[in-house]
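What follows is a set of notes on a single structure, which appears directly below.
The values are calculated or read from the model by the stated rules, or taken from the named source; none is laboratory data. The structure presented is a predicted model; accordingly, all values stated were derived computationally and were not measured. Positions of Cβ are generated from backbone atoms using ideal geometry, with glycine treated the same way; all protein chains shown enter the neighbour counts.
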Amino acid sequence: MSTQTTDLLDRVQDPEDGREILDPATGERVGFAPQATAEDLDAAVARALAAQPGWAATGEDSRRQALHAAADAVEAHAEELARLLSREQGKPLNGPNARFEVGACVAWLRTTADLPLEPEVVVDDESGRAILHYRPLGVVGAIGPWNWPMMISIWQIAPSLRMGNTVVIKPSGYTPLSVLALVEVLNSALPADVLIAVPGRGDIGDRLCRHPDVAKIMFTGSTETGKSIVKAASDTMKRMTMELGGNDAGIVLDDADPRALAEGIFWGAFINTGQTCAALKRLYVPESIYAQVCDALVEVAKTMPMGIGLEEQNVLGPLQNRAQWEIVDRLVRAAKDSGARVLLGGDPDAHAPGNFYPTTLVADIDPQNPLVVQEQFGPALPIIKYTDLDQAIEWANALDEALGSSVWSADTDRAIEVAARLVAGTTWINKHGAVDPRIPFGGARESGFGMEFGVAGLKEVAQPHVISQ
Ligand code: NDP
């Protein structure tokens, strides 16, 4: 660990009596997380509320420059942030993991700063002139999960600040130090009190959702918690963006080349060791190329090293917490008990150090098996055989979750036709989970509502205001 990482960690952790945070790969102590009280939360909201008019008054150009300055600060601290993230979350430095996540923070800050959003002239004729403006909302409350703690925080912070709001952010109790360190770095480039982190558990999140001086909640996490937040926030009629759980389907068409698509499917499913909302979590493959796709995926998966995040060769890591390890273990056991065929993995050593679950591929599995219809959020992919494409589409569309999906084919036009029949916030063609700060992202059904990213994402953290003359 570099000295610099220790410096940043020392600035954000509680040396006295905070909650101990352990490295999910080694069980070693990472640090102590401070615990905010209800009074701390109220004081943070009061400071953010007081700072908001001044932040809005600085004007859009100043706020854009501030976001670029914040991106510069993240770049300057990129390696120490990545190392802390790796130790607390477990994800490796390399692959689409810790360094990638810090890089994404920079990309989202800069792109969000530069997005164009002008007042819209909606009517301009002899009957009159109406212009739609986008005003700040006030204080935005941000609540995030433990899988991509820094990147998802930036997804909430960057558009909110750009639109003239101030932000109070509550990180996940599993990964608070990563978010506190990120906020510390961002605040070196931002005015006082426009961004305040309040570390605590669900009770602090609940209070934020009920607070009368908070105008909007941006939440990313489980559907279950999302439902309780919608109830809590309704008394004060808050605006809400809900990015919730997913159980994304990928459909391979019979013209696809198994070897050409195997690596893309692998990373679509196993990015961040499967702990990704919009990862590919169930793969539907036609009988005609089923064996070849299974073989190609096994070949790719066998080459991907899993281990301690700080060891440079690894690209897959542990599950972030034991509860998630147990969910994956339970679902793979259910699949094995039902007679499904394990192609790779599926044999964890429950007594080995760290929350490691081996890369697991499961074939010949019933489409209604729990490993297929429940979100595993870990490194276990069920591969379901189909003979009728209409049936595969029906299976893909059958769940309450509908975040993302993908279609894999050598014929793009045909893939787009299938994509149009899928229910999801995003359907990718020959890739999966490839988010982009310019492209709106959100869920259908119980995967949530409201869009993030792009101009659509800016509008979600603004109050539309029409001036009609
Ligand atoms: P949780 O819903 O358990 O927690 C998310 C956040 O909500 C945490 O900060 C948690 O605090 C907080 N929280 C818990 N209870 C309440 C409450 N009553 N009121 C307000 N806040 C509360 O999700 P996980 O962290 O376990 O994340 C995994 C889930 O998130 C998966 O289902 C995944 O699909 C989904 N997800 C969705 C994404 C998307 O973009 N759609 C992206 C990433 C994940 P604490 O943990 O400290 O108690």
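At-a-glance table
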read-out	value
Residue count for the stretch 155-179, restricted to those that are away from the ligand (no atom under 13 Å from the Cβ) and part of a helix (DSSP H, G or I)	6
Count of the stretch 203-217 residues which are among the acidic types (Asp, Glu) and within 12 Å of the ligand (Cβ to nearest atom)	2
The stretch 263-293, residues that are in contact with an Asp or Glu (Cβ under 7 Å, 6 or more places away or on another chain), over 21 Å from Glu401 (Cα atoms) and hydrophobic (A, V, I, L, M, F, W, C)	Ile289
Cross-chain or 6+ apart pairs with Cβ under 8 Å, the stretch 432-443 first and within 15 Å of Arg110 (Cβ to Cβ), then away from the ligand (no atom under 13 Å from the Cβ) and among the small types (Gly, Ala, Ser)	Pro437/Ala107; Pro437/Gly454; Arg438/Gly454
Residues that are crowded, with 24+ Cβ neighbours inside 10 Å and closer than 17 Å to Met218 by Cβ, drawn from the stretch 176-194	Val179, Leu182, Leu186, Val194
Among residues of the stretch 22-52, those that are among the β-branched types (Val, Ile, Thr) and buried (at least 21 other Cβ atoms within 10 Å of the Cβ), counted	2
Helices (runs of 4 or more DSSP H) wholly inside the stretch 218-320 containing at least 1 residues that are within 14 Å of the ligand (Cβ to nearest atom) and of a type in the set (D, E, K, R)	223-234
Close pairs from the stretch 355-376: first under 19 Å from Ala398 (Cα atoms), partner assigned to a helix (DSSP H, G or I) and aromatic (Phe, Trp, Tyr), Cβ under 6 Å, at least 6 apart	Pro367/Trp395
Enumeration of residues in the stretch 356-403 that are hydrophobic (A, V, I, L, M, F, W, C) and either in contact with a Cys (Cβ under 9 Å, 6 or more places away or on another chain) or within 29 Å of Asn314 (Cβ to Cβ) (or both)	Phe356, Leu361, Val362, Ala363, Ile365, Leu371, Val372, Phe377, Ala380, Leu381, Ile383, Leu403
Matching residues in the stretch 187-202 - criterion: being more than 9 Å from the ligand (Cβ to nearest atom) and either outside any helix (DSSP H, G or I) or of a type in the set (A, V, I, L, M, F, W, C) (or both)	Ser188, Ala189, Leu190, Pro191, Ala192, Asp193, Val194, Leu195, Ile196, Ala197, Val198
The lone exception for Arg110 - which of (1) within 16 Å of the chain's Cα centre (by Cα); (2) more than 14 Å from the ligand (Cβ to nearest atom) it fails	(1)
Among the candidates Asp295, Asp254, residue that is farther than 30 Å from Ala36 by Cα and either in contact with a strand residue (DSSP E or B) (Cβ under 8 Å, 6 or more places away or on another chain) or β-branched (Val, Ile, Thr) (or both)	Asp254
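Every residue, every condition in (1) of a type in the set (S, T, N, Q); (2) under 22 Å from Asp203 (Cβ atoms); (3) modelled with pLDDT of 95 or more; (4) over 23 Å from the mean Cα position of the chain (by Cα), yes or no:
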position: Thr6; (1), (2), (3), (4): yes, no, no, yes
position: Glu39; (1), (2), (3), (4): no, yes, yes, yes
position: Ala57; (1), (2), (3), (4): no, no, yes, yes
position: Ala69; (1), (2), (3), (4): no, no, yes, yes
position: Ala73; (1), (2), (3), (4): no, no, yes, no
position: His77; (1), (2), (3), (4): no, no, yes, no
position: Arg87; (1), (2), (3), (4): no, no, yes, no
